[in-house]
Structure formats: C-alpha cells, structure tokens
Amino acid sequence: MPDRAFAILAGAGALLIGFLLVAIALRLLVSSIDTWRTFGLIGFVVGQVWDVGAVVYGALPFIAGTLVTAGLAMLIAVPLGVLAAIYLAEFAPRRLAMPLVTLIELIAAIPSVVIGLWGLVVLTPILRDTVESWVTSLFPDVPFLAGPPLGSDIFTASLILAVMVTPTIVALGREVILALPANYREAYVGLGATRWETVATVVLPSVRAGLLGACILALGRAMGETMAVTMTIGNADRIPTGLFDQGQTIASKIATSFVEASSAEETSALLALGLVLMVLTLIVGIIARMLVGRSRTAVG
C-alpha cells in the first residue's frame, strides 16, 4: 500500500508539472492571439521592425540577440567549465578542491541583478577602454569587429552570461565525473596509463552524456536570463551585425517594455515574444535529450 501511494503521488507531481507547462503555453498563446492573427507566424518571427507608433512588430532582432549572446557565452563557458570540472574531480587535492567548489556554488547563487550591476559599473567601462578600444582600432575594416567601443553591447552581455552559467557547468560536470565508478579508472591505470590518458580515454567518453546535459542546462539559463543582460546589452531594437553592437534579447525586451506597454497590441506582441522564447527553450531541451541519448548509445 505505501508503494502504491508513493507511485500515485509521484505520478501526480509529474502530471502537474506537465499541466503547468501546457497551461502557461496556452495562456501565452491566447493572450497573444491578436499578434498572430495580424502578422502570422512567419511574419512575426522574421519581422525586423518593432515600431510601437506604426503598430508593426517583428521578433527577429530579439531572437537574433538571444541566440548570439547565448552562443557566444557558451563558447566561453563550455571550455572553461568542462576543464574546471575535470580539474576539481580528477587532479585537485581535496584541501584545494573543496574551497573552490564552495566558491563556485556561491557564485552560482549570486542574484542576477547583482551580477548585472557589477557588469554595468565595473566590467563595462573596463572592456570599453581596453579590449574593445584595442580591437576596434586594430581591425577597423573587419565588419564583425568594427564600430565604436560602447561597453554596453553584445560582447559585454555575453561575458556576463558566461560568468553566470560557468558555475552550473562546473558543479554539474564535477558531480557527473565523480559519479563514475572508480574501477573504470583503476583498470586503465593498471595497464600503465597516465592520469591524463585515463581522463581522456576513459573518463570523458564515459561521462560525455552528463557533461552535454550540463552544458545544455547552462544554455537554457543563458537564453532566458533577464536582468543582467538588460543592464549590459545596450537595449537597441536591431539585429546585431558585430561583436560590439548593441542589441536586445527576448527576455530583456520583455523586461524593459512590458510594464510601460501603451497599447493592447504592444502587450500582445510582448506576450508573443514570451511564447517564442518558451518554444526556443523547449526546442533546445528536445535537442539536448536527443544528443544525450545518442551519447549514451555510443558509450554503451
């Protein structure tokens, strides 16, 4: 009887989560139906103009900003996070590993608005006066790297996102590596392999599905991050064409505009943006499940 009761309770919890997900999606769809009727799915998603006065709404600048900032953040965070996880799990002495793990967990717990303030007050002027000024002066004819050094731009927002998601990759990646049975390592070491050869040949192939899952989870957070990005990206309603361009993500656009929405049409368009973001994160989750499944099959 207790087993049956527990199974029913656990199943009810799973169904409730699924119900909430569907309910949120339906609510967003119903509340934004005017936007979909006016512009259509393709027209709204690929539209490049967001003009409240002309009642024209296009989501492409914000979709592009979301994908670009999250992608750049992952390019920075994944190598750092995976290497740090390997070091903490396989190479670091315990007296060093434990304080570092605690510090990383504390960084992950810092509210995003605090990290955003740090990025706005500290990181933005430093990057503007050093890295961005140097790069723009050295490569003035490269479109991707051209432009005035503004500080509040795609580059700064991506670095902020990398700071925020790297602890997630490190913490989850370390736990995945530590969960690998010790006899996997001992058998290979017994054959004369070095520590690094054991990590590269045995540990990483065995835990790549878990590491991939940690990276996808971090990507989901990067795509949905709001306050820190809003404070550092510049909030310009245009498609970014360069590393130092100002832009907007879907989350930052909703955060900066929803409270001040002046019409039912604008509110509907912002809710449609929320639905687009939800669909994007769901697509990322589905792709993650497929990749993790393939990784496990390959390892097996």
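Structure data summary
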{"quantity": "Length released on extending from Ala12 to Arg95, taking residue separation times 0.36 nm less the Cα-Cα span", "calculated": "25.5 nm"}
{"quantity": "Nearest-0.05 FRET efficiency for Ala264 and Ala5, computed from C-beta distance (R0 35 Å)", "calculated": "0.15"}
{"quantity": "DSSP H segments from the chain that extend 27 Å or more along their own axis, Cα-based, with Kyte-Doolittle mean of -1.0 or above", "calculated": "2-31, 60-86, 154-178, 204-224, 264-299"}
{"quantity": "Relative exposure of Leu138, Leu275, judged by other C-beta atoms within 10 Å (fewest first)", "calculated": "Leu138, Leu275"}
{"quantity": "Shape call, the chain: gyration tensor on alpha carbons, a/c limit 1.5", "calculated": "oblate"}
{"quantity": "Förster radius 30 Å - calculated FRET efficiency between Val56 and Ala25, Cβ distance, rounded to 0.05", "calculated": "0.75"}
{"quantity": "Simple label model, 7 Å out from Cα along Cβ direction - Ser137 to Glu197, nm", "calculated": "5.0"}
{"quantity": "For peptides 92-104, 155-167, 120-132, 209-221, sequence by mean Cβ density within 10 Å, most packed first", "calculated": "155-167, 209-221, 120-132, 92-104"}
{"quantity": "Amide H partners (placed H, <5 Å) of Arg238, local residues excluded", "calculated": "Gln248"}
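No value in this document is a laboratory result; all are computed from the given coordinates. It should be emphasised that the depicted structure is a prediction, and the values quoted were computed from it without experimental measurement. We place every Cβ from the backbone using ideal geometry, glycine too, and count neighbours over all the protein chains shown.
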